[in-house]
Amino acid sequence: MTQAYTPGAGPFSPVGPAGLVPLVGECLELPPEAERPLIVLLGPHGAGASEAHGALLARFGTDRAPFAYLNFGSEQPLRPRYALGLIARQLERKLARYRVSRFPRLTLGLLASDTDVGDLSTVSRRDQRRDLHRRLSTFENSAFAAHGDYLSGFLQVGQSALGLPLGIPAVFQDMVQGTAREGARMVSGLLSRHRFAESARWYAEHQSAGGSNPWDAVIELNHWRRGSSAEAATLDRVLCAAFLEDLRRNAELSFAPPSYLLLLDGCHTHHGRRFLDLLVKAREDSRTAARRAGRPEAEAGDPLTVAASVHRWLPEWGSSTGEQWGWSASAPDAASLDDWRARRPRGDGAAWYPLRLRDLTLDEVHFQLSDRPRRDATLTPFVHRLTCGLPRAVEQVLTLLDQADLPSGSGHERELWLRRLPDRPLPGHPAQDRHRERREAHRTEREPPPAAPEGAGLAQAALGPLLADFDDAERTALALCAATPDLSVGYRVLAGGGEAAGTQAGGSLYGKAHAGFLLAPGPRSGRLVLHPWPRRLLLWQLAERPAEWVTAHQRLSDHHAAEGQPLRAMYHRLALHQIGAVTAFLVRRLDEVDTPGWVAELDAVAAAPNLVPKDKVYRDVLGPLTHDPAAGSRIEAAVRALLVARWLWSDPLTDPERGLGPTLAARFERLSEEHAGSDSLHLLNEADRYRSWIHPQTCAEEG
């Protein structure tokens, strides 16, 4: 018996995105013949898809409904026939309240296409049928002797596809593996001649495999397996239809499960996309058959609820902007069947339900920090600012913070420890990028190379899966482009993309990042910018190449100056540590815009990245960067002091615990005294805001 999981027990709390668990619950309660959405969770690696699958397993994986889980992102390529066999094997698991589900049509199709019937062209059709039936019985009996039943043999083929991703508790692994092992053990000869004949008739009646004699249709399955690629694709489609038909027939029986749950991880891979495509087409075939038979299409559904996850936009959906597809992905928080029905487009794509996984809020990060007694919950704002709440990034940072050598309390030593966080080895993560190796293994259908040594730094370990689709040259270009949050501008100016190519969603660097969900709307402008977490890590790497840092920011500064965008130009000049020039610009702006507008410009410019050495924190550099013996006036000195403090304060690695809040408050007050023409009340309000800083729920730094 598999172990049940108690939500809230241990370091992992499988609550999942709000709305997802209720949505799946709604789908499971629908009548068996009702149409269900194909739920697809979108997001980059680490966006929380694995945690969402864990939440669904915790809620429904014990006795609510038969479930199956497959990870198409595993190291082993998983062809559709093997995926169907593994899924059916898991769905056979006996639950206390339901009868065991059986899959005779799928089993016959798999058996028939697996069996080596040899060359039957020299014998009569009648002898072909007799010989095929004999071989099927022999093959099934040998499978029973070897594995306990035929479908159990698929466990030997696709065992790794049952493995859950990194970070999910072992209890869920035991649940999935146990479900596969404990599926209903068939008695030898389950597919008796009568059951063989009943299933064969279904194949004869199917629109793709029809024939005058049921066994002719079964023989055709065998020919397709060894035929052309088009015939092999037709076989996969018919087998998927047989699987869905078995589910429908099971649901019609007394004491049978009314619905089934299928969780599919990593469906952006070649085999994952292929399986989703088969599932969609098999359901379309069912609706087409219902329409031809004069039955309502709404009653041509099946009792299978599917929740899949992808880390890349699927090419079948058209451009990654989604405009051609007709769907706009929303957060799962408000997901429901009513929302799906109200927003689904007409025609192709109507069955999909895309949900874009969101980052964790400050409170959700605080919950994870408070989940273990030895963790310091006061670090919640630092973790949230650093990761912007990307779930896997939060998990990785907490793994490092759990190390015993983190200095306690607060102070210079603790800040220096946090400052070097991106370089600290992440336990259990390989030093080399396994994700590109796995992708290549999927493409060529070979085994991936052995695991690399452990001990990669956080930046390297975190960027590996996020940039799995980028080759080395593209990663170098992406790090250069990270000098600006607006990747389309970086691509045009720094990567040679050209004026038009920078916004194309095709093969460009920008398009690849867009399709990989590495872009998100900026909190101030709303334009798509590089997600703060990968950008921060890329900037951390770019800082190790100072000459490239200078080149990138200088070219971007020149570009924006030529475009008449002085604020953006000053942003990059500050990144070059040209503090005097930026100070002079802000001093001029004091007399050109109102005080609220000036403060907004200060914030925009001071969000620039910095080249503060890795062994320094704000306490080491605040004074030297602020001091300017050539300052021409008290106003200039006050603006420079405020600019430097605000600049260092905006970087969570330079000021990890935002100790500069009181300093900023004092410097806003000083500016209010020095600049008589300003709105002193607004500056004093800003001072009070920093003195009593309340951390926002979402990542506010756009940069």
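The values are calculated or read from the model by the stated rules, or taken from the named source; none is laboratory data. These numbers were taken from a predicted model, which means no experiment stands behind them. Here Cβ is always computed from backbone atoms with ideal geometry, including for glycine, and neighbour counts include all displayed protein chains. Ligands, DNA and RNA are excluded from the accessible area calculation, which covers all protein heavy atoms including side chains. Shrake-Rupley method; radii C 1.70, N 1.55, O 1.52, S 1.80 Å.
Applied to segment 307-316, the Karplus parametrisation 6.51 cos²θ - 1.76 cosθ + 1.60 on θ = phi - 60° returns per-residue 3J(HN,Hα) values of 10, 10, 9, 9, 10, 9, 4, 7, x, 5 Hz, with x for Gly and Pro.
Taking amide hydrogens as modeled 1.01 Å from N in the peptide plane, which residues meet the under 5 Å criterion relative to residue 356, leaving out close sequence neighbours? Those qualifying (amide H under 5 Å, at least 5 residues apart or on another chain) are 42, 330, 331. In terms of its C-alpha gyration tensor, segment 559-703 comes out rounded, because the ratio a/c of the largest to the smallest axis stays below 1.5.
Here segment 550-632 has 52 percent of its accessible surface on carbon and sulfur atoms, given a 1.4 Å probe and all protein chains in place. If the Kirkwood radius is taken over C-alpha pairs of segment 283-420, then at 10 °C and 1.306 mPa s the Stokes-Einstein diffusion coefficient equals 83 µm²/s. In the P(r) worked out for segment 204-361, what percent of Cα pairs fall beyond 26 Å? That fraction is 37 percent. Accessible surface of segment 255-348, 1.4 Å probe: 48 percent of it comes from carbon and sulfur atoms. Of the residues 234, 476, 387, the one with the largest accessible area comes first in the ranking 476, 234, 387, computed with a 1.4 Å probe on protein heavy atoms. Across segment 268-282, coupling constants 3J(HN,Hα) worked out from phi with the 6.51/-1.76/1.60 Karplus curve, θ = phi - 60°, read 7, 6, 4, 6, x, 4, 4, 5, 4, 4, 4, 4, 4, 5, 5 Hz, and Gly and Pro carry x. Taking amide H positions as modeled 1.01 Å from N, with prolines and chain starts lacking one, the residues under 5 Å from residue 528 and 5 or more places away or on another chain are 522.
To the nearest 10 square angstrom, what accessible area does residue 102 show with a 1.4 Å probe? Here the residue's solvent-accessible area equals roughly 70 Å². Identify the residues of segment 576-606 with backbone N under 14 Å of a label point that sits 7 angstrom from the Cα of residue 685 along the Cα-to-Cβ direction, or state none. Backbone N within reach: 594-600.
Summarising the amide proton neighbourhood of residue 457: residues at separation of 5 or more, or on other chains, whose placed amide H is nearer than 5 Å comprise 426.
Taking only protein heavy atoms and a 1.4 Å probe, what accessible area per residue, in Å², does segment 224-380 have with all protein chains in place? Don't skip to the end; give the middle numbers.
Details: 6880 Å² over 157 residues.
Accessible area per residue, segment 224-380: 44 Å².
Of the residues 269, 378, the one with the largest accessible area comes first in the ranking 378, 269, computed with a 1.4 Å probe on protein heavy atoms.
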